[in-house]
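Just so it is clear, none of the values below were taken in a lab; they were calculated from the coordinates. Values in this document were obtained by computation on a predicted structure and should not be read as measured data. For neighbour counting, all protein chains shown are included, and Cβ atoms are generated from backbone atoms with ideal geometry for every residue, glycine included.
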Amino acid sequence: MFGMSGARGRVVSPELVGRDDELARLVAVVSTSPAVAVIEGEAGIGKTRLVAELATRSTGQVFVTGSCRQIHEPFPLGPVLEALRDVSTNLRKTSLSPVAGAVRPFLPELATVLPALPEPLDDRGAETHRLFRGLAEILAALGPAVLALEDLHWADAQTLEFIDYLASVRPAALSVVLTYRREDASPRLMAAAGRWSGGPGQLVLRLTPLDAVATATLAATMLDAAEVSAEFGRYLCERTSGLPFAIEELLALLQARGSLVRRAGGWERRTLDELDVPARIRDAVLERLGRLSPAARGVADAAAVLQVPVAEQVLTATTRLDPTEAVNGLIEALGSGLLGEQRDARIGFRHQLAAQAVYEDLAGPARRALHDRAADALAALAPPPLGQLAHHLHEAGRRDEWVIAAEQAADQAVALRHDVEAARLYEQVLRETKGDAVLRGRLAVKLGQAAVEMLHVAPTVAALLTEVLEDELPPVVRGELRLRLGLLAHVSDDSDPARASALYLAAIDDLAERPDLQAWAMVGLGLPAPGDDPAERRGWLERALVTLERVTDPDFPVFLLGKIAMVMLALGDPLWRQVTAQMIDRTTPASSHRMVANAYTSVGLEAVYVGHYPDAAALLVEAEQRATAAGSPQLGLRVRAAGAVLDYYRGRWDGLGERLRALTDELHESPNFGIDVQAVAACLEAVTGGTQDALDRLAAVLVDAEQRHVVDLLGRPTAVLVRSALDRQAVTTATRLADHLIDLYSSHELWSLLPDALPALVQALAADARTDDAAELVDRCEQEFERLDLPLASAALVRARAELTGSVSFLLEAAEGYARRSAPYDEALAREALAAVQLESGEPGGAENLLAALSCYRELGTRRDDDRATTLARKHGVAVPGRHRGGRRGYGAALSPREQQVAELAATGRTNKEIGAELFLSHKTVDKHLRSALAKLGLRSRTALAHRLTEAGP
């Protein structure tokens, strides 16, 4: 054949075809930093080629690329580190801060330009965060640059965490390109990609297959011809579904068969009916492979077994060839176009589909032999890539060596906070290891530790750990395993508190030598459960406090004191303040950031449900700062979720819906951590939208929460559903909901969680003519509330009694009580009820209270409440202002509530970061609100803002 481009047997298009529009849009976005471009598409669609073409057009920008691999390494951040290996020249004239030295162990190639390695930190999470900061600083120091991360559907968890982190800092001169197969993308990846939305430059490209015309054009460029026949173009498109990689493979096969002829300057397929080219690309690849020499085929087989690109010496050592044959075979395989050489001299298949086709064609014994040689070749590296090594040892049947390598790989993953990969490896080894009780016990404990750190745990993990409990284990191992199983029983999708309690109880005696874990098990026994004696629960919590005195670790008590305070809050026990004070007293700047963030988040979120909003806000601010310092996106996500819940309860709803939607997406794989967010998101949608679909979703969330035994969040959502049912005159539905919550909380002795719902429950019972039941409920609550620390109890009680008596003084007291406790929505409901009584009886103040309630409803956007209050106003001839129609409410020259909050905090001297931590907003969102506030006020500085607000007075 003549006229083929490239080396013998290689058919590659010298130019990009059919993607002109996509390339132009990419260049336009990426050239204006900061920017992000997301490229989605199936395997073989041309994502990598598009990125390569973009690199040639990115003039004036440093372009760095890294790719994810199908075989995971315990060493995370692979694609990011790959992208930065060769940038030492670009960094020679830059001045990097000491934090960039944290990257030194990960990128020895940059040793000559990086600062010294900083002193190690005690907290692994803090080490990770410092590494992220160092990587981000290096990217920023490159000047105008593009970071392309490819095949993110194979990304490890820490790479996704770094993408999250990079989205939060966004170096000004950096553009980012992310590629992945959407059909293989995890929700975690989609959430990470979604974090980049909202920036000044963003683009999402979803690549589609080429049509027949573009296929013909691509074929012509590959064949160095002016054109190919239209019939040939249609044939190629039909057989390849328009996938560029498939077109390339099929053309290479036809060329190798001698089935292409040149006519009048173009190319045609010879004798259409004689050719029966298989539709599957697998067959095309294998036929091309069959035309290689035995040496080249041997190299291709080795590359298929290795799966990922490797150094030449690893590839040739994996073959069964002598050195000369291996080199000659490698040259031929590269020339065929099946294999390709990357810029770092690593060699592998140009496309994963081709590698998979060749691998699947290998006979079992041949595969095992090649895996055996691959393991030896990788083991000779210093240091060996443990993930790859473990994979090949396993496939080669070298079980004993595999167990050692896999455990080492998992341990390395734990050290690097790569808990998902660690759990996967521990689980795999544990499943395939029988008889060795010591090994199985050690692996099971490690698996339990890693699983507890994960946001989502497969049910199979708990079943496997339970199986290991049947082995003859040392008591302390058995005890820790029971504790970990108990913790998993609480957070798994099918949570089982009774099983968890049994495991905690059984663990206590075994853990006599581990007071830290023993105290943890005691706290588990203090958790509320139906039918339990509250005094017994408190007894376990007090025992845990005593046991903690024997713990020498300075950080663990902070963590566990947070858990104890959380449970005491749920019980309304006033001792929670003393325990929280101990937690705060034992917290130092040197304390583990992860432990502190976890503890403070636990207490802060529970404080929201009990009504301690100022305490919750203060705790969550500290938790957010510690989560950031720990460099833990999972912890940061939990803190942001708790902050959103707090903002719902205290009526700070401006922009909250958008935040809740984003959090719901990010917590998709973590239902037990995400249920709080789902509940308030459904509440917000129900009260602001008022549609039946919204109410149905809220009801479904409540059912899910109760099935998961997450009962502390049920009060407010139940009240929303009860009030909505009463608005629709659905009294039976309202009383059913009310009775269920009363039975549930009374059986758990969780009277502390009733203030949120009490007025609505009494309304429902009274509407059903069950005034005696309602009065009995109020009396019982008053009796229980007296001994508990409940900020909203007083307002809730007088509001509930007002439902039975119609007392104006009770309603006024309730409204004022809610106002003092920063509960504007509850205050508005009380003022509306007060106005109804005043207007009906002719007492003064009715119109003023109704308009105040209506103003709050409109500020919050609660449509159903707005409609109800407006109807009441019309009935009594109260003039109301016109309702804002369409879109988000505009404030004109006035500051929005969020702008006012940001301005007031900025005037006190707080930085954007500090304001963001307090309001649970990103620093970019704070900056947007602050700039808007300054513009509306005609000011140019924070100093001027402080003067203006001081002059305006409180």
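Odds and ends about this structure:
- Rg over Rh, two decimals, the range 36-113 (C-alpha only, Kirkwood Rh): 1.02
- Extents of the range 393-461, largest first, come to 33, 23, 18 Å (Cα atoms, principal axes, whole angstrom).
- Ignoring aspartates and glutamates fewer than eight residues from LYS928 along the same chain, the ones with Cα atoms less than 13 angstrom from its Cα are GLU899.
- For the range 403-467 versus the range 13-52, the gap between their alpha-carbon centres in whole angstrom: 40
- Solvent-free Debye scattering, log10 I(q)/I(0), computed from the Cα coordinates of the range 280-362 at q = 0.10, 0.14, 0.25 Å⁻¹: -0.19, -0.37, -1.25
- Reported to the nearest whole Å, the Cα centre-to-centre distance from the range 205-240 to the range 643-657 is 54.
- The equivalent ellipsoid of the range 439-598 has semi-axes of 25, 18, 15 Å, largest first, where each one is the square root of 5 times an eigenvalue of the Cα gyration tensor.
- Neighbour counts of C-beta atoms inside 10 Å place TRP653, TRP520 in the sequence TRP653, TRP520, starting with the fewest.
- Among VAL546, VAL62, VAL567, sorting on how many other beta-carbon atoms sit within 10 Å of each Cβ, with the fewest leading, yields VAL546, VAL62, VAL567.
- With the largest listed first and rounded to whole Å, the semi-axes of the equivalent ellipsoid of the range 533-660 from the Cα gyration tensor are 25, 19, 10.
- Equivalent ellipsoid dimensions for the range 653-713 as semi-axes, Å, which come from the Cα gyration tensor, largest first: 18, 15, 9
- The slack in the chain from ILE331 to ARG343, taken as 0.36 nm per residue of separation less the alpha-carbon distance, amounts to 2.7 nm.
- Summing +1 for each Lys or Arg and -1 for each Asp or Glu among the other residues whose beta-carbon sits under 14 angstrom from that of VAL798 gives -2.
- Projecting the Cα positions of ALA396, ALA157, SER336 onto the charge dipole of the chain (unit charges on Cβ atoms of Lys, Arg, Asp and Glu, taken about the Cα centre) puts SER336 furthest along the positive direction.
- Extreme residue, positive dipole direction of the chain, given options TYR600, ALA835, TRP196 (C-beta unit charges): TRP196
- Share of Cα-Cα pairs in the range 161-219 lying beyond 14 Å, as whole percent: 64
- Charge tally in the Cβ shell below 10 Å around LEU930, where Lys, Arg are +1 and Asp, Glu are -1, LEU930 excluded: +1
- Set of lysines with alpha-carbon distance to LYS446 below 30 Å, sequence-local pairs under 8 removed: LYS434, LYS563
- Area projected by the alpha carbon convex hull of the range 806-880, averaged over all directions, nm²: 4.4
- On Cα atoms only, tilt of 593-610 relative to the major axis of the chain in degrees: 40
- Convex hull volume of the chain per residue (C-alpha atoms, cubic angstrom): 202
- Relative contact order, percent, the range 387-522 [alpha-carbon distance under 8 Å, six or more residues apart]: 16
- Here the range 20-206 carries DSSP beta bridges of which approximately 0% are antiparallel, counting only pairs with both residues inside.
- Summed over qualifying helices (DSSP H, 4 residues or more, each -39500 (n - 2.57)) and divided by its residue number, the chain shows a 222 nm mean residue ellipticity of -20000 deg cm²/dmol.
- Here the average projected area of the convex hull drawn through the C-alpha atoms of the range 715-801 stands at 4.9 nm².
- Percentage, to the nearest whole number, of Cα pairs in the range 120-194 over 15 Å apart: 57
- Given charges at Cβ of Lys, Arg, Asp, Glu: the chain dipole, positive-most of GLY233, LEU131, HIS709: GLY233
- Binned Cα-Cα distances of the range 20-206, short to long, each 10 Å bin given as a whole percent: 9, 39, 37, 13, 1, 0
- Here the dipole of the chain is about 3040 debye; that uses its Cα centre as origin and unit charges on the Cβ of Lys and Arg (positive) and Asp and Glu (negative).
- Of all DSSP beta bridges confined to the chain, the antiparallel ones make up roughly 25%.
- This ranking places HIS740, HIS418 by how few other beta-carbon atoms lie within 10 Å of each, fewest first, which gives HIS740, HIS418.
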